[in-house]
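Chemist: Below you will find the structure I want to go over with you.
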Amino acid sequence: MLSIYIVTSSLFAQDNLFSLLGDDETNEEVYATFKGTRVINGQSIELPAKGDLQFVIEHRFGTINSGAYELWGIDQSTMRMSLDYGVCDGFSVGLARNSFQKTFEASAKAKLLKQKVADGSPVSITSYHVVFVNSLRWLDPERENLFSSRLSYAHQFMIARKVNRSLSLQITPSYIHRNLVETTAMNNDYMALGFGGRYKLSKRVSINAEYFYQFNRPEEDFTNSLSIGFDIETGGHVFQLHLTNSQGMFERAFIGETTGKWSQGDIYFGFNISRLFDL
Amino acid sequence: MMKKLFLILLLFSVGQLMAQRYMTRNAEVYFLSDMDAIEVVEATNNQVGAVIDLTNGDIAFQIQMRAFHFEIALMEEHFNENYVESEIYPKATFRGGFVEMPENLDQENKVMVKGIMEFHGVQKEMVIPVRLQMQDEVLVGESGFVLLCSDFGIKIPKIVADKLANEIQVTVKAALTKI
């Protein structure tokens, strides 16, 4: 009887020791809302950590409905290469080149708010600002062509919440400005709202989806961008494989100038491969 | 619940008025994977809670997994997400006691501590060597031991198996003050 008392009392004593330590959860920032700095085409709230250089190479092949002659699109491909560098904690800069319309990009990305595990912000917010330079030869070299006509801009706020271990959701209010548009019917400015998310199927694989709804679009030819794909992570690499109706891989192109229709099979297969270098 | 807890606390604090308890919330746990491996993994956590009761030799450690910080951010993310799964198992604990009570704490004592390590949801009995000394009313302890990832259900995927070590060298440093 006494021994039972001693045993239980010493057991209790240890629980007591733990109660002294309390259950103070460290209120850390939520990590890995998304595996990559892009959900699919669009930016995610993630950016390279301080001192990290991220190299991303992306391909979009031709449309799947182009038939056997084009090997269902594999024969045609457009590509994008980018370098992003984490200047300090929560701020990165990037350079990129797209073969689509021979477009150069310079961008900056800043984390404004970080979701916390317990108390604090329920969402993370990152802003993204990019200027695009179209370097195609002038359509009409005879007329007066200004360099500023080559420029367009995109500004986005990514607002995301890691709901649980598997599910992360993001909305992306976006504003795009083109200095020069092709026809008078086109707007120089337009707004869009992006919806994105990922669901983890296993520790290293997730399924991702993304949709951009464009508000003021008078042009009938263009459609909203819809993409679905997988993220596969292997250590320092993230592979993203996806199907999308957008051929362009930069914001102005896939938000505002998507022409493919899912219903007609204008679907592009594509992939992003990112590699992180710790400098 | 709080009332009950308070009562229990009161009861035990009466029962153990003579208890000599030392505590810290800033003990340090450092770990280093096998240096022979290609990817050397090391991290430090200096928000570890520890209590030692010198009257009966009880020891308790509580380690928040998210407080391990790495030099490389991506490694920290992978550690939390893919290996220790800190969202499912947010903390590791050790509860145990001295095998023999330390004798004269004014000089350095080498004692063995026996107890249950709970880490990644797996409990394992361990015996750990500890060096202990009282320095100006502060109980200073140090310990080093080896953990095997495989003992605690931490799987290293095949593709990185030749890059990451199963053996983890753990170092603990604590300076506890009387409460």
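Chemist: Pairs please, first residue from region A:215-243 and more than 14 Å from chain B (Cβ to nearest Cβ) and on the phi < 0 side of the Ramachandran plot, second anywhere and outside any strand (DSSP E or B) and among the basic types (Lys, Arg), Cβ atoms under 7 Å, 6+ apart in sequence or on different chains.
Modeler: So the pair list comes out as A:Thr223/A:Lys261.
Chemist: Also, I was wondering about something else. If I ask for residues that are more than 7 Å from chain A (Cβ to nearest Cβ), in contact with a Phe, Trp or Tyr (Cβ under 7 Å, 6 or more places away or on another chain) and closer than 21 Å to B:Val160 by Cβ, which ones from region B:69-100 would you list?
Modeler: B:Phe70, B:Glu76, B:Phe79
Chemist: Hey, can you tell me all the residues within region A:138-169 that are of a type in the set (D, E, K, R), open to solvent by 70 Å² or more (accessible area, probe 1.4 Å) and under 25 Å from A:Ile255 (Cβ atoms)?
Modeler: Taking region A:138-169 and keeping what is of a type in the set (D, E, K, R), we get A:140, A:142-144, A:150, A:161-162, A:165.
This time we only want the ones that are open to solvent by 70 Å² or more (accessible area, probe 1.4 Å), so: A:142-144, A:161, A:165.
Matches in region A:138-169: A:Arg161 only.
Chemist: If I ask for residues that are closer than 26 Å to B:Ala60 by Cβ and within 14 Å of chain A (Cβ to nearest Cβ), which ones from region B:140-168 would you list?
Modeler: Listed by number, the residues that qualify are B:Gly153, B:Ile154.
Chemist: Considering only region B:151-179, how many residues are part of a helix (DSSP H, G or I) and open to solvent by less than 70 Å² (accessible area, probe 1.4 Å)?
Modeler: If we filter region B:151-179 for residues that are part of a helix (DSSP H, G or I), which is where we start, we get B:151-152, B:158-160.
Those left that are additionally open to solvent by less than 70 Å² (accessible area, probe 1.4 Å): B:151-152, B:160.
Within region B:151-179, residues that are part of a helix (DSSP H, G or I) and open to solvent by less than 70 Å² (accessible area, probe 1.4 Å) number 3.
Chemist: Within region B:92-119, restricting attention to residues that are part of a strand (DSSP E or B) and of a type in the set (D, E, K, R), which residue is surrounded by the most Cβ atoms within 10 Å (Cβ to Cβ)? If you could, list the steps in order and put the result at the bottom.
Modeler: Initial filter on region B:92-119 (part of a strand (DSSP E or B)): B:92-98, B:109-119.
Retained after the next criterion (residues that are of a type in the set (D, E, K, R)): B:95, B:110, B:114, B:118.
Working: B:Arg95: 20, B:Lys110: 9, B:Lys114: 13, B:Glu118: 17.
Restricting to residues being part of a strand (DSSP E or B) and of a type in the set (D, E, K, R), the top hit is B:Arg95.
Chemist: Step by step: first the residues of region B:53-68, then only those that are more than 25 Å from B:Val84 (Cβ to Cβ) and surrounded by 19 or more Cβ atoms within 10 Å (Cβ to Cβ), then the one that is farthest from the other protein chains (Cβ to nearest Cβ). Which residue is that? Reasoning before the result, please.
Modeler: Residues of region B:53-68 that are more than 25 Å from B:Val84 (Cβ to Cβ), as a first pass: B:53-58.
Within this subset, residues satisfying the condition of being surrounded by 19 or more Cβ atoms within 10 Å (Cβ to Cβ) are B:53-54, B:58.
Working: B:Asp53: 7, B:Leu54: 12, B:Asp58: 5 Å.
So, considering only residues that are more than 25 Å from B:Val84 (Cβ to Cβ) and surrounded by 19 or more Cβ atoms within 10 Å (Cβ to Cβ), the one farthest from the other protein chains (Cβ to nearest Cβ) is B:Leu54.
Chemist: Further question: Pairs under 8 Å by beta carbon, first residue within 10 Å of chain A (Cβ to nearest Cβ) in region B:37-51, partner part of a loop (DSSP other than H, G, I, E, B) and crowded, with 18+ Cβ neighbours inside 10 Å, six or more apart or different chains?
Modeler: As it stands, the answer is B:Glu39/B:Leu164; B:Asn45/B:Phe68, since those pairs meet every condition given.
Chemist: Take region B:1-37 and flag every residue that is modelled with pLDDT of 75 or more and among the hydrophobic types (A, V, I, L, M, F, W, C). Even if it seems obvious, please write down each step before you answer.
Modeler: Filtering region B:1-37 down to residues modelled with pLDDT of 75 or more leaves B:20-33.
Once the filter is applied, which keeps residues that are modelled with pLDDT of 75 or more and among the hydrophobic types (A, V, I, L, M, F, W, C), region B:1-37 yields B:Met23, B:Ala27, B:Val29, B:Phe31, B:Leu32.
Chemist: Sticking with this structure for a sec: Restricting attention to region B:55-84, report how many residues are among the polar types (S, T, N, Q) and over 20 Å from B:His120 (Cα atoms).
Modeler: 2
Chemist: Still on this structure: Out of (1) in contact with a Pro (Cβ under 7 Å, 6 or more places away or on another chain); (2) modelled with pLDDT of 95 or more; (3) more than 17 Å from A:Ser44 (Cβ to Cβ), what's the single condition that is false for A:Leu193?
Modeler: Looking at each condition in turn, A:Leu193 falls short on (3).
Chemist: Quick check: anything in region A:230-238 β-branched (Val, Ile, Thr) and closer than 16 Å to A:Thr103 by Cα?
Modeler: The answer is no; no qualifying residue exists.
The values are calculated or read from the model by the stated rules, or taken from the named source; none is laboratory data. Note that the structure is a prediction, hence the values are computed from the model and not measured. We place every Cβ from the backbone using ideal geometry, glycine too, and count neighbours over all the protein chains shown. With ligands, DNA and RNA removed, areas are computed over all heavy atoms of the protein, side chains included. Shrake-Rupley method; radii C 1.70, N 1.55, O 1.52, S 1.80 Å.
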